[in-house]
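Asks: Quick one: the structure is below, questions incoming.
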Amino acid sequence: MITSRDRATRQGAQLHTDNPLQAPTGSPGSTKARALHLGRSLALWLCFFALGASVDQSVAAIAEPVGGAVDKELAEAAADRHACLRCHAMSTLGYRDPDDGEIVDLSIDREGLAHSVHGELACIDCHRRSYRRYPHPDRPAPGDLDCIGCHEDENQNLSRGWVDIDAEFKRSVHAVSDSPRVEGFSCHSCHDPHRFRPAAVGEPIVQIVRNHNEVCLSCHEKLIAPSSTSHGWLPNRDAHWTSVRCVDCHTPVAVFANHEVLPAEKSEKNCVSCHSADPQLLARLYQFRSEEDIARRGLLAKAVFNEAYVVGMSKSPALDRLSLAIIGLMVLLLAAHGVGRYLVRRANRRA
Amino acid sequence: MKSLYLYPVWLRLWHWINALLFLTLIASGVSMHYAGADWLMPFATARVVHNTAGILLTMAWIIFVVANARSENARHYRVRFRTLIGDLIAQTRYYMIGIFRLEPHPFHVTEAMKFNTLQQLSYLGVMYGLMPILILSGWAFLYSVYLPETLFGLGSVWVVAMTHVVVSYLLALFLLVHMYIITTGDTVFSNLRAMITGWHRETDLPRTETTAPAPRETP
């Protein structure tokens, strides 16, 4: 079975080389390559005709409602997507890579794409020149799939720019590991552009955490197998998995670098980083919940029904002990003072 | 015996509402801070109770500050710097030594000044120092997303959390001392009664003797 992770990795391996944010240049095909390409195209057409009937039935569903008032560009984009999804919405669309024999999945989940952050784009906005016509070339042309081409303007709006994210990624276990599993790892390996949707403030936290962690678990699926003993040291392991994002512990706690995924042995295992006074991770979790509260409830209702509370956040064991000791001492002093006053008065009365 | 009307209705009302809110905030705050113990309030309840009581405390504090500034009560908060040191020493000496020798109280309540120097400084510190910090840090907790990421190089939320909890402990300490000190009036309950009825009663005679009640002075 082909997973979305397999697909993303395959695409990433094919489209991205050294720089995860840049597409590599294509190379002219040799005679062998052209023959392979021809065979692949033939296979694709056979798939298409075999499944043509079912695709036609779903075309109406694929085409999105674009009323007269809708912007012309949106309508054109929808038409473009419609044309591409005629083939790529088929779940069986794929081919066997002649180099390594692996199956490359070319299907796109229509629902996932529609709900993704790129859901309103035309396919050729990203898959540019090479994919305007069919049959497609077997490799993208230079400049195709250039994420930065669209996202460069966002640098000003982001707290951390692409350069920072790129640097974080290059330090991450996904970039520096010797494991063959990370070969060709790129942005797309986690952020499948056909499905990716950033968490929106106001969504239930459990949902956000689940969406986040699904990305990690699409590869690290063994972790959640029933027989898995991974993360067994965590008290209430399942509660952590449903309430905390993997990256909260598996990225550096001291600095905000959520693309610098750490190997297991370097990940955060110190409970008090969350359940105590650590300023960094604590603030990150708390602010996340706070923003969510305000978005969901509004400013005033948030003040009363505030849900942003991390157990132990205001706790400092030393401060608590000191404060309770001072309060206890004060109670003793006051009690002694009171007893002293009582005894003096009683003695005075007797005298 | 002389009677002075020192605590007008608004002040007494504010005082007891404030006291109730203080106790509610301590109970709910402790329930969240030490969450998990059976004898504490359920966490979800404590959170809403604490937030609501905090908002009401803020309103009560604003009402107090405005009313205090606009009424004659403000005069009791004016520090007499000229005699400050001497008064402080005398008052502290009384609580530590004089009270056990049944010496007369070094401070005499008048309509112009109802607080002794120690009382005055502690009330000033609490109402115009600790309370605003407590309230501001409480609101900063609620709207921490609008704070800068760091304060003084430390995570904002941590600074806010520590400030809130330290001031809470200090105010709990104040409450303890306050509840004890009010028993050091003419009788154990005379100060408490004054805050209920509004009338401060003081006898000029030694405590062990009794006198017939004198007619009250009108406020």
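Asks: From B:84, B:6, grab the single residue that is touching a strand residue (DSSP E or B) at 6+ places or on another chain (Cβ under 7 Å), of a type in the set (A, V, I, L, M, F, W, C), away from chain A (no Cβ under 14 Å) and open to solvent by less than 50 Å² (accessible area, probe 1.4 Å).
Replies: Checking each option against the conditions leaves just B:6.
Asks: Still on this structure, please answer the following. Taking the stretch B:66-86, which residues are assigned to a helix (DSSP H, G or I) and under 20 Å from the mean Cα position of the chain (by Cα)?
Replies: Once the filter is applied, which keeps residues that are assigned to a helix (DSSP H, G or I) and under 20 Å from the mean Cα position of the chain (by Cα), the stretch B:66-86 yields B:66, B:67, B:68, B:69, B:70, B:72, B:73, B:74, B:75, B:76, B:77.
Asks: State which residue is nearest to residue B:197 (Cα to Cα) when the search covers only the stretch B:27-50 and only residues that are away from chain A (no Cβ under 11 Å) and not hydroxyl-bearing (Ser, Thr, Tyr).
Replies: B:27
Asks: In the stretch B:67-87, how many residues are within 15 Å of residue B:115 (Cα to Cα) and among the basic types (Lys, Arg)?
Replies: Residues that pass the stated criteria total 3.
Asks: Would you point out the residue of the stretch B:176-189, among those that are assigned to a helix (DSSP H, G or I) and of a type in the set (A, V, I, L, M, F, W, C), that is farthest from the other protein chains (Cβ to nearest Cβ)?
Replies: B:182
Asks: Among the listed residues B:199, B:139, which satisfies the condition of being more than 9 Å from chain A (Cβ to nearest Cβ), more than 18 Å from the chain's Cα centre (by Cα) and touching a residue at least 12 places away in the same chain (Cβ under 8 Å)?
Replies: B:199
Asks: Could you count how many residues in the stretch B:97-133 are open to solvent by 20 Å² or more (accessible area, probe 1.4 Å) and in a loop (DSSP other than H, G, I, E, B)?
Replies: Of the residues in the stretch B:97-133, 11 are open to solvent by 20 Å² or more (accessible area, probe 1.4 Å) and in a loop (DSSP other than H, G, I, E, B).
Asks: Limited to the stretch A:229-246, what total is found for residues that are in contact with a His (Cβ under 9 Å, 6 or more places away or on another chain) and surrounded by fewer than 18 Cβ atoms within 10 Å (Cβ to Cβ)?
Replies: 5
Asks: Give the stretch A:104-122 a look and list any residue that's outside any loop (DSSP other than H, G, I, E, B), open to solvent by 30 Å² or more (accessible area, probe 1.4 Å) and of a type outside the set (A, V, I, L, M), or say none.
Replies: Once the filter is applied, which keeps residues that are outside any loop (DSSP other than H, G, I, E, B), open to solvent by 30 Å² or more (accessible area, probe 1.4 Å) and of a type outside the set (A, V, I, L, M), the stretch A:104-122 yields A:110, A:111, A:115.
Asks: Of the residues that make up the stretch B:42-60, is at least one closer than 30 Å to residue B:113 by Cβ, at pLDDT 85 or above and open to solvent by 70 Å² or more (accessible area, probe 1.4 Å)?
Replies: The answer is yes, given that some residue of the stretch B:42-60 is closer than 30 Å to residue B:113 by Cβ, at pLDDT 85 or above and open to solvent by 70 Å² or more (accessible area, probe 1.4 Å).
Asks: What are the residue pairs meeting all of these: first residue in the stretch B:100-123, first residue within 14 Å of chain A (Cβ to nearest Cβ), second residue surrounded by fewer than 16 Cβ atoms within 10 Å (Cβ to Cβ) and not polar (S, T, N, Q), Cβ atoms under 6 Å, and 6 or more apart or on different chains?
Replies: B:100/A:340; B:100/A:344
Asks: Which members of the stretch B:142-165 meet the condition of being in contact (Cβ under 8 Å) with a residue 12 or more places away in the chain, at the interface with another protein chain (Cβ under 8 Å from one of its Cβ atoms) and open to solvent by 20 Å² or more (accessible area, probe 1.4 Å)?
Replies: Correct list: B:164 only.
Asks: Could you grab me the full set of residues in the stretch B:16-36 that are open to solvent by less than 40 Å² (accessible area, probe 1.4 Å) and within 16 Å of residue B:179 (Cα to Cα)?
Replies: Matches in the stretch B:16-36: B:18, B:19, B:21, B:22.
Asks: Go over the candidates B:173, B:192, B:130 one by one and state the one that is at the interface with chain A (Cβ under 7 Å from one of its Cβ atoms) and more than 24 Å from residue A:295 (Cβ to Cβ).
Replies: B:173
The values are calculated or read from the model by the stated rules, or taken from the named source; none is laboratory data. Treat the numbers as computed from the prediction; the structure is a model and nothing was measured. As a convention, Cβ positions derive from the backbone with ideal geometry for all residues, glycine included, and neighbour counts pool all protein chains shown. Each accessible area value is taken on the protein alone, full model and side chains, heavy atoms only, with ligands, DNA and RNA left out. Shrake-Rupley method; radii C 1.70, N 1.55, O 1.52, S 1.80 Å.
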